[in-house]
Each structure stands twice: as structure tokens, then as C-alpha cells.
1. Report the accessible area of residue A:60, computed with a 1.4 Å probe over the heavy atoms of all protein chains in place, in Å² rounded to the nearest 10.
2. Exceeding 26 Å between C-alpha atoms, which entries from my cross-link table qualify? They are A:32/A:104; A:61/A:185; A:109/B:231.
3. Under a point spin-label approximation (7 Å from Cα along Cα-to-Cβ), what is the residue A:42-residue A:120 distance to one decimal in nm?
4. Which positions within the range B:105-154 get 50 Å² or more of their accessible surface covered by the other protein chains, compared to the chain by itself, with a 1.4 angstrom probe?
5. Let me spell out the model: positive unit charges on the Cβ of Lys and Arg, negative unit charges on the Cβ of Asp and Glu, origin at the Cα centre of the range B:37-233. What dipole size does that give, in debye rounded to 20?
6. Along each of its three principal axes, how wide is the spread of alpha-carbon positions in chain A, in whole angstrom units, largest first?
7. For residue A:10, which aspartates and glutamates qualify as cross-link partners when the Cα separation must be under 19 Å and same-chain residues fewer than eight apart are set aside?
8. Taking chain B as a Gaussian network, where each spring joins two C-alpha atoms under 10 Å apart, which residue of B:26, B:179, B:192 fluctuates the most?
Amino acid sequence: MYLTLDGVEKKFQSNTNNEVKVLDDISFEVEKGQFVSIVGPSGCGKSTLLYLVSGLEKASKGKIEISGEQVTKPGPDRVVVFQEDGLFPWLNVLDNVTYGLLLKKMPKKEAEAKATEMLKLVHLSNYADSYPHQLSGGMKHRVAIARALVMDPDILLMDEPFAALDEQTRMALHNELLEIWRKTKVTVLFVTHNIREAVLLSQKIIVMATRPGKIKATYHVQTTQDGYTPDSVTLDLEQKILATLEEEMEKVLKEELGDDYNFKKSDIHRDTNGDMGSGI
Amino acid sequence: MVIWEVASRLSTVPTFMFPGVLQVLETLFNGIINGQITGAIFQSIGRLLVGFTIAVIVGLILGYLIWRYKLVDDTLGFLVVALQSIPSIVWLPLAIVWFGLGETAILFVVTIGATWTMTMNTTSGFKNVPTLYQRVARTYGSSGFHLLRTVIIPASIPQIISGLRLAWAFSWRALMAGELLGAGGGLGHLLETGRSLGQMDLVISVMIIIAIIGTIMDNVVFTRLEKNVQKKWGLS
């Protein structure tokens, strides 16, 4: 196994000096080159889990290992793509992409050549000299992805990278991401709250329960030979995941909206006219 | 200006106390030609540059320390706020006792006047760097001095520029007050000379020069700096 999490637990100190357990006993494995998604309701600690793998946060308990080596601090082998693009506004696109390469002590010429190539892959080679504010939201995200991929990371960690984008841009970026993934064979750990996104993109889906964050179920997505998933399969799987999540979502909503809130509507069929559908 | 000239001519106050526009302009022109005012300008600006530079460097270093170490923030951070509320000219008596009435005392006041503002702006600039940028940089393996140089400082440039602007204004005021009371030439001292000789035309000329220099620095230098950054960042 490539990435292994074993009994990982994370506690945060809350304001009132109580310890809040965010993640509880998380164990799963990811194979090299696999595309794994983590879905869950808001506040289930899925982003925290990603930060633990990246090394930005430290686990309170348990082990996180990559090819047998324990994760202790952030490193360029595990690059994160954040929800906001996180491009440096004082650097132009090319300098943003070469930032990590120059940190690895790569000669400037080589780094720029590599960055240009990666920008071509995300179809942005014409914008190398632009500053981030001159780009649209989708373009910025593509730069952020290029900046991560150019590092040749072992694992690409994505924290709801497309959540802030409009539907069309998101769909275009899904296709681009899948293409890039097939080309580069990079291992991806993808956090999202969007079930469809998870089903479309990944080979394995981990569904999380909330408060404290736990693994509730794991699904494998059946893909056809060419790597594409037929609609019937995705729809079926979406329904299954939604059913698994329903209970969790109700828990979250009840906490936020009060106890009398019901996520599920009454089971008896009623149509909007108030009759039973046949003029009775 | 016409009203000024007319008022001056009509008033019963003697012209040396309330000179007209033409007389002031004449004194100003002569002062620039014969080097009396020009010399004072260079002397003042020279002092200002030295004091300002020291203040900026000290401010940046203190700002960094306050941002970096919690202990420094709790102790020095509070002190800086207190010190900043003291008008810099208040330091002059102390400076005169320490350094004697001369160059050093004025430089000290100028530096003190700008340091605390610069420190506070640097600190808040550093503190307001979005966590996202720091996280991004750290995942690419940046840390320590590299993180400071490539992320923390560039990200706080807008705040540092407004710090520079304020520091400049504070040191400019401190300089004038210091020169007025202290010895050793400069525009402030020329004001004092004008007063003791009863030459209000000279006093007003110097005031005009002070206003011009202040405006040039603020509008041309700092506003342009700010605009450039805003344009590059896409803020405006």
C-alpha cells in the first residue's frame, strides 16, 4: 500500500478549553496512482484529514505513512490544491508556477521550461506573463493545479478545489483533471462535498460521518475499459451514497436549524394540488 | 492670493508682520538664488533621509520580532503603542541632555518620530498575511527566512507602503519642530531666524517650501508607489 492511515485521531482545543474531537479512528489505504475521494457533510473534518496527510497539521494519535515513511512536516512530495486558488498576487503566472521548482533548487531556465510545458497542459500558455487578478476564477484554478503538478508530486491533495466555481467551469475542469490524471498517473486524494463530483472523478470513495469524523462507508467505482463510467453506474452509486449520507446530513441540519427540522419529507405521496392524483 | 495682497496693503499692521504676496515671492526667489533657502532645504532633507532610513530599518526589524515572537508582542508590542502616542518633539529635552544641542539630538527626534508608526504598520502587515499564502508556501517546502522573503514581506507590501508614508509624515513634522528649537541650520532654523529678525516674508517663504516638499513626497512618491502596487495586485 502506498498511503496508509492507521487509527488517526485529531483533537482541537476549543475556546472554552474543552477538547473537541474532530477525527476519530480514521484508517484507510490508497494505492499508487489511485484517485480517491472523501465525501462528507460540512464540518466532518474532511479538510482537516487532508491537512494531516499534507503535514500542515499534526495528528493527535495514530500514524500516517507514505511508502512506509511517517509524515511529520509539509513537503513538496505532497502538494495541496486549496479551495481558493492561493496564487501569490505579487507574482505573475509563470513565477507562481516556478515557485516550488526554484525552492527545489532547480536552475531557473529548466524551471521555466517545465512550467511553460505544464501551463500548456492546462491550456494557459498565453497567460504566462499575466498577473493572477487578470485571470478568471477557472483560469486561476488551472494555474493552481499546474503549480501543484509541475512539482511531480507523489500525491496530489485537493481540498474542494472546484467548490467556488460555476457549474460550467467545474465540468470543464473535471475533464481536464481526469485527462491530466491519466497522463501523469499521479495519486490523487480529493476532498469534496459534491457526491456527483466524487462519483465522476474517482475510483474509490470514502464517505465520512460527522462529529466526530469517522469513516462510514467505502465505495469502489466500477469503470469501463476506457476509464469512463457509464451513467447508469454513476446514478446508482450516487443514490447509494446519498442514502448513506442522509442520516449524517440530518444530524448536521438539526444542529444548525433546531431539533424540529426534518430533512426527509413525509413518506406519503401528495401532489401539489392536494388531491391524490386522480381528481378525488 | 489677490485677497491676501489687498488685505496686506490695506491693513494697518506693518508690512514686516503681514507681508504681501509679491514681497513673499520676491524673498522666496532671492532666497533660492542666493542659496539661503536652497542650502537649508538640502540640510533638512539630508537629515530627514538619514533619520527616516534608520527609522524604517529599525521599524521593520522590530515589526518582525513582534510578529515572530509572542513574548516580544506581549511586552514590546504594548510599549510601542504607548510610545507611538507620545509626540516626537517631547523627546527633544531628553535628546538635548543626552547628545547636546546639535545634529544628533535632531536626528534622534526625527528617528524616534517615525520608528513606532513604522513598527506598528509592519507588525500589522505581517500579521495580516493570509494563512492560505503561508500554507501554500509551506506545502512547497518553504520555511524560515525563505518564507519571510518570498511570502511574508511581499504579501505585506501594501501595508508597509502606508507605513512608509506615515513614517515620512511623522519624521517631517518632527524634523521641523526639532530644527525650530534646536541649532544647526535647516528649514526649521531658518523659520526661527526669520522670526528673530522680524522677517515674516522669510517665514512665509519657508512655510511655502515646506508645503511644497510635503506635497511632492506624498503625492508623487508615495501615491505613485501605492498605485503601482494596487495595479499589479488588481486592487484598484
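1. 60 Å²
2. The pairs that break the limit, which is 26 Å between Cα atoms, are A:61/A:185; A:109/B:231.
3. The two pseudo-label positions are separated by 4.2 nm.
4. B:132, B:133, B:135, B:136, B:138, B:139, B:140
5. 940 debye
6. If we take the Cα atoms of chain A, the spans are 77, 48, 40 Å.
7. Partners within reach: A:19, A:24, A:25, A:29, A:57, A:65, A:159.
8. B:26
The values are calculated or read from the model by the stated rules, or taken from the named source; none is laboratory data. Keep in mind that this is a model prediction, so the values were computed, not measured. A quick note on method: Cβ atoms are made from the backbone with ideal geometry, for glycine too, and the neighbour counts reach across all protein chains shown. Surface accessibility is based on the protein's heavy atoms, side chains included, excluding ligands, DNA and RNA. Shrake-Rupley method; radii C 1.70, N 1.55, O 1.52, S 1.80 Å.
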